[in-house]
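S.K.: Provided herewith is a single structure, encoded as structure tokens, for subsequent inquiry.
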Amino acid sequence: MRMSKIVRTGANLLYPFILIFGLYVIMHGHLTPGGGFQGGAVVATGVALVIVAYSFEEVTSMIKKVGMKARESIGLLIFIGAGIGALAVGAPFFSNFLAHSGLLFGQSIPSGPNPGDLNTAGVIPIMNLAVGIEVWGGLAIIVLYMLSSIPKEGS
Amino acid sequence: MKRELSVVIFVVLAAGLCAIPAFLTFGEPAESGMDQYFIGNGQAQAAANNIVTSVVFDYRGFDTLGESVILFAAVIGVGLMFRSMRGEEEHEDE
């Protein structure tokens with residue numbers, strides 16, 4: 001089913017903004033409310049908007065199932081890799097080995113209320129990003145699979 | 001008979017739901033020691049301003065791993081179910 005031109009134009013217009021907002025929620029998960037799961041769900045909402053606005057044949061040329069499957073698997077692998085990475089430096093599994101290290105995301109923060117800095121919190125932003133990518137791919141592929149079982153119009 | 005029974009069950013459950021606030025006070029959990037630990041030490045230990053995220057990804061990181069794997073398994077299940085419904089029509093990227 002293909003929606004009217006108004007709906008398709010609106011979806012085209014909103015899709016990049018929804019993507020950017022979702023990635024913002026993912027990347028600022030350690031500073032503001034939200035995080036990987038929530039931001040990934042927001043991004044998947046943008047994908048669902050495009051799927052609703054266009055017909056299935058058009059959507060599969062824009063949003064590839066293989067890409068979404070790859071996002072899901074790569075996200076989970078990065079997440080587990082961030083957990084195993086702690087073993088490489090001699091810390092326990094899933095410990096926050098990058099916090100206070102001065103390396104990537106390694107800045108310390110003062111105690112109490114403060115505006116915060118993106119370059120803090122150790123492995124938490126990496127795990128947020130990994131989970132966000134995974135939820136993006138996972139929810140998008142669920143919607144794509146459910147859409148693919150709808151019979152074609154006119155047949 | 002069945003209709004009256006369902007009405008009675010509904011009334012009893014609704015009354016029980018309305019009676020809960022009379023027995024419990026809002027905002028006073030029985031155990032608050034762990035909350036105070038996270039609020040007091042979360043910023044210093046995890047270096048994250050958002051205590052909720054540092055609980056989810058740092059203190060309880062292993063639980064979040066299970067959550068992610070459950071999502072992965074759910075996607076695999078949905079894929080299996082809807083692929084069998086799709087039948088002979090296969091897609092180009094499969």
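S.K.: Considering only residues that are open to solvent by 60 Å² or more (accessible area, probe 1.4 Å) and facing another protein chain (nearest Cβ under 7 Å), look in the range B:41-68 and name the one that is nearest to A:PRO92 (Cα to Cα).
M.R.: So, considering only residues that are open to solvent by 60 Å² or more (accessible area, probe 1.4 Å) and facing another protein chain (nearest Cβ under 7 Å), the one nearest to A:PRO92 (Cα to Cα) is B:PHE62.
S.K.: Identify all residues within the range A:62-91 that are of a type in the set (Val, Ile, Thr) and without any contact (Cβ under 8 Å) to a residue 24 or more places away in the chain; write none if there are none.
M.R.: Narrowing the range A:62-91 to residues of a type in the set (Val, Ile, Thr): A:63, A:66, A:74, A:78, A:80, A:84, A:89.
Hits for the range A:62-91 are A:VAL66, A:ILE80, A:ILE84, A:VAL89.
Rundown of residues vs (1) under 17 Å from A:MET27 (Cα atoms); (2) among the aromatic types (Phe, Trp, Tyr), yes/no style:
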residue	(1), (2)
A:ALA44	yes, no
A:THR60	no, no
A:SER73	no, no
A:ILE78	yes, no
A:ALA91	no, no
A:PHE94	no, yes
A:GLY112	no, no
A:ILE126	yes, no
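S.K.: Can you say whether A:SER111 is within 16 Å of B:SER54 (Cα to Cα) and of a type in the set (Ser, Thr, Tyr), as far as the supplied structure shows? It would help to see each step written out before you state the result.
M.R.: On the way: within 16 Å of B:SER54 (Cα to Cα): yes; of a type in the set (Ser, Thr, Tyr): yes.
Taking the combined requirement at face value, the residue satisfies it.
S.K.: Any idea which of (1) closer than 18 Å to A:LEU139 by Cβ; (2) under 19 Å from the mean Cα position of the chain (by Cα) is the one A:HIS28 doesn't satisfy?
M.R.: Of (1) closer than 18 Å to A:LEU139 by Cβ; (2) under 19 Å from the mean Cα position of the chain (by Cα), only one is false for A:HIS28: (1).
S.K.: For the range A:36-151, which fully contained helices (runs of 4 or more DSSP H) count at least 1 residues that are at pLDDT below 80, away from every other protein chain (no Cβ under 11 Å) and open to solvent by 10 Å² or more (accessible area, probe 1.4 Å)?
M.R.: Passing ranges, in order: A:56-62.
S.K.: Just need a number here: residues in the range B:24-40 that are part of a helix (DSSP H, G or I) and surrounded by fewer than 14 Cβ atoms within 10 Å (Cβ to Cβ).
M.R.: The total comes to 7.
S.K.: Could you please find all residues in the range B:70-86 being more than 7 Å from chain A (Cβ to nearest Cβ) and either at pLDDT 85 or above or not in a helix (DSSP H, G or I) (or both)?
M.R.: Selection gives B:ILE70, B:ALA73, B:ALA74, B:ILE76, B:GLY77.
The values are calculated or read from the model by the stated rules, or taken from the named source; none is laboratory data. Here the structure is a predicted model, which is why all the values come from computation and not from measurement. Cβ coordinates were reconstructed from backbone atoms using ideal geometry, including for glycine residues, and neighbour counts include every protein chain displayed. We work out accessible area using only protein heavy atoms, side chains counted, and drop any ligands, DNA or RNA first. Shrake-Rupley method; radii C 1.70, N 1.55, O 1.52, S 1.80 Å.
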